[in-house]
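Only the coordinates and a few stated rules stand behind these numbers; no lab work does. Nothing here was measured: the structure is a model prediction, and the numbers come from that model. All Cβ positions, even for glycine, are placed from backbone atoms using ideal geometry, and neighbour counts span all protein chains on display.
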Amino acid sequence: MLLFRWLRILLPFLLLTGCGFNMTRIEINEQTFVFTLYINQGQEPDTVEVTISAPLPNRLTTGKQAGGEGAGSPYAMVTKTSSTVQDALHLIQRDLSRRFDFSHTKVVVIGKSYAEAGIEDLMDWLQREPTTDLSTFLMVAPGDAKDIASMSPVFEQMPSEVLIRFGSQHNMISTTLKDCLYAASANQGYALTYLSAGVQKMISEKNNLEPWAGVQGTALFQNHKLRATLPMKESLAVSWAENELKGPLYTISWGNNGKASVYIISNKAKKSVRIKGGHPVYTIKLEGVGDVIYKKNRDQSDSLDTRNIIQTKLNEQIQGHMKKALAVSQNNGADILQLGMVLDWNYPDHWENVQADWPSYYKDHVEIDVVTDISIRNFGTTLKMKPE
């Protein structure tokens with residue numbers, strides 16, 4: 001009984017030992033929180049260039065925007081080149097006064113040449129680093145990954161915040177480290193956001209030409225290698241098929257004067273498979289409901305006929321985009337929709353026979369049907385347009 005009383009007295013003190021109780025922990029003011037990694041192929045053969053982007057807490061003042069006049073940018077970047085990602089990071093660490101922490105890394109941007117050569121080393125390090133967040137977004141730059149880092153984050157404080165917005169807003173496919181590892185473990189492909197980089201005049205920066213970054217499509221990977229890229233229209237269809245897309249806008253034309261813009265307010269996709277003639281036949285169904293937010297039509301005032309035309313043209317357009325994306329995917333043996341997993345769920349015996357050579361099998365022996373069912377909810381005014 002006496003021992004129990006002493007235990008009740010001492011236990012609260014044991015819980016108040018703080019950080020000093022575990023000598024392996026690093027104080028927060030001794031850490032560098034890496035927000036973004038930029039990976040490029042090195043200038044020398046068989047080398048990789050690694051750039052880290054980390055915030056500078058003493059410059060993250062309220063209301064201060066990156067690139068403005070004053071104390072300077074609220075983030076720092078350090079670049080080193082070595083034979084592996086790990087070695088390059090080790091070289092960076094030697095020059096820093098604080099220890100790395102990758103638990104806040106939300107985006108990894110990969111240069112196109114490095115992606116084409118293969119990102120196996122990068123993926124290996126990401127898996128082994130204990131502080132890596134599996135929800136980290138992976139993206140591909142059209143050239144040097146550091147060109148993305150030099151963008152002017154007009155609406156944010158740091159470029160990393162802009163990239164995080166790209167990944168979380170569902171304007172394009174949002175692929176995380178977990179998605180890539182999951183797909184690669186099943187010998188299937190994946191698609192990453194394909195960024196754009198350039199310069200443009202900005203009023204906010206005194207009309208100076210400033211670096212700018214955006215999204216131009218998707219990059220297709222198989223076996224951790226960049227195989228092909230898709231433009232925006234086909235990329236939107238892929239995002240729709242992966243249930244990643246929110247609020248797309250489509251404009252269709254018909255006849256000599258007809259034109260309409262449709263905002264998709266809800267959309268979803270379904271994948272199914274059946275075995276026919278010893279080979280899998282997939283059906284990808286894209287469903288959605290949209291509102292007509294713009295209509296120009298001088299020749300037809302009948303709203304029902306015009307509605308049918310818009311619906312038909314809209315379905316044909318989206319179906320065409322999806323078919324083009326799948327054709328590129330199959331030509332490169334990159335199963336970016338992970339249709340192999342659908343086969344595994346429904347016909348595990350068949351999947352076991354083809355899994356080892358799935359990229360070639362997907363390219364030569366898989367048939368994919370695309371079905372669309374997009375309807376118009378609100379058509380808007382039925383008054384005939386006045387002549388211009």
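Taking segment 223-257 and a reference point 7 angstrom along Cα→Cβ of residue 312, the backbone N atoms nearer than 15 Å belong to 253-256. Here the peptides 102-109, 161-168 are ranked by packing, the mean other Cβ count within 10 Å, and the order with the highest first is 102-109, 161-168. With a cut-off of 12 Å between beta carbons, the residues surrounding residue 144 carry a summed charge of 0, where Lys and Arg count +1 and Asp and Glu -1. Once the chain from residue 93 to residue 357 is taken as fully extended at 0.36 nm per residue, the excess over their C-alpha distance is 90.9 nm.
Checked against a 32 Å cut-off, the cross-linked pairs 80/363; 233/296; 80/324 give Cα-Cα distances beyond that limit for 80/363; 80/324. Ranked by the mean number of other Cβ atoms within 10 Å of their residues, highest first, the peptides 227-236, 368-377 come out as 227-236, 368-377. Rounded to the nearest 20, the size of the Cβ-charge dipole of segment 222-351 about its Cα centre is 220 debye, with Lys and Arg at +1 and Asp and Glu at -1. Here the extension length gained between residue 43 and residue 133 equals 29.5 nm, from 0.36 nm per residue of separation less the Cα-Cα distance. With a Förster radius of 30 Å applied to the C-beta separation of residue 83 and residue 196, the computed FRET efficiency comes to 0.50. Descending by average beta-carbon neighbour count within 10 Å, the peptides 44-53, 185-194, 267-276 line up as 185-194, 44-53, 267-276, the highest first.
A cut-off of 5 Å between modelled amide H atoms, ignoring neighbours fewer than 5 places along the same chain, links residue 216 with 194, 195, 196. Rounded, prolate or oblate: pick one for segment 244-320, where a ≥ b ≥ c are the square roots of the eigenvalues of its C-alpha gyration tensor, a/c under 1.5 means rounded, and failing that, prolate if a/b is larger than b/c, else oblate. Verdict is prolate for segment 244-320.
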